[in-house]
Every structure is written in C-alpha cells, then in structure tokens.
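Everything on this sheet refers to the single structure shown next.
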Amino acid sequence: MPTFKITVAYDGTDFVGWQRQASGISVQGLLEEALRELDGREVAVMGAGRTDAGVHALGQVAGFSLERAIAPDALVRAMNVRLPASVRVIAAETVPASFHARFDASAKTYRYRIWNGDVLSPFERRYGWHIIGALDVAAMREAAAMIEGRHDFRAFQGTDSKTHSTVREVTVSRISDCGFRPSTSSGRPELVEGRIPHPQSAMIEYEISGTGFLRHMVRTIVGTLVEIGRGRFPSAWMNDVLASRDRTKAGPTAPPRGLFLVRVDYN
C-alpha cells in the first residue's frame, strides 16, 4: 500500500473547517470522498493540523495510504477532478509508511491579513479583517516581536480548549504592510518609507511561525495586536498579557476569514 503526502490549498469560507464533522462540509471529508471513489474503499486522511471554520490554507499537508498503485502526478489530477474548485491538491509525493502528517511536522507558518482602510475591496472581503481607522503599525510591530521565543501562551488559547501544556515556541512573529497606507486627510494612498509599493492597497499582514499552536492562538494574538494598533494599550501590554496566563486579559479573537495556514515544515 503506497503512502502519500499531499499539499492542499483551500478557500475555507464555505466549510465547517478541516476536520470531518457530524454535519456540514469539511475539507477532510471532501478529500476522503474523492479517495473513496478513486481507491474503491474508505481512506482515512490525516491532516497536519485542524483549521477552524472559515480559515484558509495555502499549504496544508495530509497523509494517507492507498491500495492501488498510482503515480503522484496522476494522483494530483485524479483528486482535483473529484474536488470542488475551492479545494486543490497542489502537490503529491510518496513517503514511508511511517509518515504522520501531524506528529512528524516540525513547524507551521500562519499569515493573518488586515484591510486597514475606509472602504473594503470586494475582492478582499472573504480574505481579510476590515479595520476602519488608521492602525499604529509601528506599535503593532514592536508588540509582535515580544511573542517570539518560548512562552506559556495560555492567555491566547480558546476558552473551551483542553491541552496537556500551553507552552509553545514561536520563531517568527512580525508585521508587514504592502507599501501604501490610506491617508486620513486626502483619502489617497500614501507611500510608507522603506516599503515596496502596492498601489491602492491598505493591507497589513501578520506572519507567525512556530513549532506548534494552541486553538485560536494566532487569531487571539492578532486581536491583541489590533487593540495595540488602535491605541487602546501600549505595545508593552503584550508582555503583560503573556505573563498573566489569563484569556480574559488578551484582546478579542480575530475573525477566521483573515487567517491562512501558509506552510507546514518537516525535518
């Protein structure tokens, strides 16, 4: 039985999330349905991690074994024919039978997108959090850096979550923007010094990489950063929230539509 590792991209807007649910359409369920038709039997698909309802992926990873022999490139074509256009298998490779998409992963990278302008582009409404009112990106960038390192992230964990340990290591936590920010006076985009210009863009992106993440951790970090960007708290507040280990001390959970699982790394 050949074992495969696939990389999957999907628009999570219309799904209940990655994980198969009792009701609703899941990405895992769609993949398993496609493989059932392809292999003539039930095929269990294990993902590198769960994404919540409405969260997207550029590089989710999954693994499974088939009874039939098939080349990786043929597998990609065969699965995509059976999947909706909002889910694409973008790569496949054979791996040892011992491969486990979740437990073998060494790191993950997420990106969160914020549209910081008065008017939201209709082409971004499904893929970003619309924030009206200029955000202090410098303060957000300073606060984001405080996340890097090994910390107890209990304050950023979903309230209904249960896990053995809330200690995680974050290797990258940074804010960037696309070069132009909306002007509060003229309404025209203005170039931010040192940024690559992207005309008519008001997009701010937050990127975070780490060895593992708690449920809602990235979205709660983003909600906390936005509170700082709005001037409600100083950047140093991020350290206070970390130290508190109390979810009620952090900012709100950002909407799922702005979050993307970008990449899963393996040793």
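Surrounded by fewer than 16 Cβ atoms within 10 Å (Cβ to Cβ) and either touching a helix residue (DSSP H, G or I) at 6+ places or on another chain (Cβ under 9 Å) or at pLDDT below 95 (or both), is that true of Ser106?
no
For Gly133, indicate whether it is modelled with pLDDT under 90 and either touching a helix residue (DSSP H, G or I) at 6+ places or on another chain (Cβ under 7 Å) or within 19 Å of Arg219 (Cβ to Cβ) (or both). Criteria not met by Gly133. Of the residues making up region 21-47, those that are surrounded by fewer than 18 Cβ atoms within 10 Å (Cβ to Cβ) and in a loop (DSSP other than H, G, I, E, B) are Gln21, Ala22, Ser23, Gly24, Ile25, Gly40, Arg41, Glu42, Ala44.
The residues of region 89-99 that are within 15 Å of Gly47 (Cβ to Cβ) and either exposed (fewer than 13 other Cβ atoms within 10 Å of the Cβ) or touching a Phe, Trp or Tyr at 6+ places or on another chain (Cβ under 8 Å) (or both), listed by number, are Ala92, Val95.
For region 1-20, a residue qualifies if it is assigned to a strand (DSSP E or B), hydrophobic (A, V, I, L, M, F, W, C) and closer than 20 Å to Ala97 by Cβ, and the qualifying residues are Phe4, Ile6.
When Gln60 is tested against (1) surrounded by fewer than 21 Cβ atoms within 10 Å (Cβ to Cβ); (2) under 15 Å from Ala92 (Cα atoms); (3) among the polar types (S, T, N, Q), exactly one condition is not met: (1). For Arg232, the test of being more than 20 Å from Tyr10 (Cβ to Cβ), outside any strand (DSSP E or B) and not assigned by TED's automatic domain parsing to the domain that holds Val89 is passed.
Given the criteria among the small types (Gly, Ala, Ser), over 22 Å from Tyr110 (Cβ atoms) and within 20 Å of the chain's Cα centre (by Cα), does Ala85 qualify? Yes, satisfied. Might you let me know whether region 120-137 holds any residue that is under 21 Å from Phe260 (Cα atoms) and of a type in the set (Gly, Ala, Ser)? Taking every residue of region 120-137 in turn, at least one turns out to be under 21 Å from Phe260 (Cα atoms) and of a type in the set (Gly, Ala, Ser).
Residue pairs whose Cβ atoms lie under 6 Å apart, separated by 6 or more positions or on different chains, with the first residue in region 199-217 and under 17 Å from Gly258 (Cα atoms) and the second of a type in the set (Phe, Trp, Tyr) and at pLDDT 95 or above, are Tyr206/Tyr112; Ile208/Tyr110; Met217/Phe153; Met217/Phe156.
Quick check, is Arg126 surrounded by fewer than 16 Cβ atoms within 10 Å (Cβ to Cβ), assigned by TED's automatic domain parsing to the domain that holds Ala250 and touching a helix residue (DSSP H, G or I) at 6+ places or on another chain (Cβ under 6 Å)? Answer is yes for this residue. Criterion applied to Ser244, Ser186 was being surrounded by fewer than 17 Cβ atoms within 10 Å (Cβ to Cβ), more than 30 Å from Glu93 (Cβ to Cβ) and modelled with pLDDT of 95 or more, and the one residue passing it is Ser244. Quick check on region 102-112. Is at least one of its residues within 15 Å of Val262 (Cα to Cα) and of a type in the set (A, V, I, L, M, F, W, C)? Within region 102-112 (the criterion being within 15 Å of Val262 (Cα to Cα) and of a type in the set (A, V, I, L, M, F, W, C)), the answer is yes, since at least one residue qualifies.
If Leu120 satisfies all but one of (1) touching an Asp or Glu at 6+ places or on another chain (Cβ under 8 Å); (2) in the same structural domain as Ile204 (by TED's automatic domain parsing); (3) without any contact (Cβ under 8 Å) to a residue 60 or more places away in the chain, what's the number of the condition it fails? Of everything listed in (1) touching an Asp or Glu at 6+ places or on another chain (Cβ under 8 Å); (2) in the same structural domain as Ile204 (by TED's automatic domain parsing); (3) without any contact (Cβ under 8 Å) to a residue 60 or more places away in the chain, Leu120 misses just condition (1). Among the residues of region 247-267, write down those that are crowded, with 19+ Cβ neighbours inside 10 Å and more than 11 Å from the chain's Cα centre (by Cα). Result: Ala250, Gly251, Thr253, Ala254. Restricting region 108-126 to residues that are within 19 Å of Val226 (Cβ to Cβ) and among the aromatic types (Phe, Trp, Tyr) leaves a set whose member that is farthest from the chain's Cα centre (by Cα) is Trp115.
The values are calculated or read from the model by the stated rules, or taken from the named source; none is laboratory data. This one's a predicted model, so the numbers in the text were calculated from it and none came from an experiment. Using ideal geometry, Cβ is built from the backbone for each residue, glycine included, and neighbour counts are taken over all protein chains shown.
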